[in-house]
Amino acid sequence: MISNELPLTTLIELATEELDDAQRTLGQAQQACTEAENQTQSLIQYRDEYRSRLTSSAQAGLSGANWRNFQTFIDTLDAAIDQQRRVLAAARHKLEQAHVVWAEKRRKLTSYDALAERVRQREQIVVARREQRESDEYAAKIVRKRNDTSHD
């Protein structure tokens, strides 16, 4: 084990935890965005259905007071839709931010993993060279012993 392995392992563990946290945040942001989209669509659908009812009622004959009530309610729905669209825009913005953070954490972990792999490869080279040197020294020792015993 080389001296850099422990700090690098710690960095990888921390980066993994950060990525897990970022992934949870991204999932929550995605869920909030989906819910906001669904609620926006529900409000729009409800308003459209209510407008259809207004049209049908107007064709059947509608008093001025009822017309104002319908129109006031539609205006209220339009205001709710506008507010919900702002909520949706904020949710989408949070989703984009969460995705940026997640991607940055992923790149960080990938970089640490690549660095760890290079460290492991260097260590393997050092070990292989040491084993080769030991093997060469052993072979040379055997040759010297043979030469020494053949000269005796």
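The values are calculated or read from the model by the stated rules, or taken from the named source; none is laboratory data. No experiment lies behind these values; they were computed from the predicted model shown. Every residue, glycine as well, gets a Cβ built from its backbone with ideal geometry; the counts of neighbours run over all protein chains shown.
Side notes on the structure shown:
- Subset of the range 20-40 that is of a type in the set (G, A, S) and more than 10 Å from A91 (Cβ to Cβ) - its residue that is surrounded by the fewest Cβ atoms within 10 Å (Cβ to Cβ): G27
- Boolean, Q97 is within 24 Å of T25 (Cα to Cα) and either modelled with pLDDT under 95 or surrounded by 12 or more Cβ atoms within 10 Å (Cβ to Cβ) (or both): yes
- Enumeration of residues in the range 43-59 that are at pLDDT 85 or above, more than 30 Å from A90 (Cβ to Cβ) and not basic (K, R): S52, L54, T55, S56
- One residue alone among T9, T40 is under 30 Å from V126 (Cβ atoms) and either without any contact (Cβ under 8 Å) to a residue 12 or more places away in the chain or assigned to a helix (DSSP H, G or I) (or both), and that residue is T9.
- One residue from T16, T40, T76 being under 30 Å from A116 (Cα atoms) and modelled with pLDDT of 95 or more: T16
- Taken as a whole, the range 79-96 holds at least one residue that is touching a residue at least 40 places away in the same chain (Cβ under 8 Å) and over 30 Å from R51 (Cα atoms).
- Unmet requirement for T55, which otherwise passes all of (1) in a helix (DSSP H, G or I); (2) touching a helix residue (DSSP H, G or I) at 6+ places or on another chain (Cβ under 8 Å): (2)
- Test: Q124 is free of Cβ contacts under 8 Å to residues at least 60 places away in the same chain, within 30 Å of E18 (Cβ to Cβ) and assigned to a helix (DSSP H, G or I): yes
- Condition check for R107: within 22 Å of L6 (Cα to Cα) and among the basic types (K, R): yes
- Just one of the listed residues (A91, A128) is at pLDDT 95 or above, surrounded by 10 or more Cβ atoms within 10 Å (Cβ to Cβ) and of a type in the set (G, A, S), namely A91.
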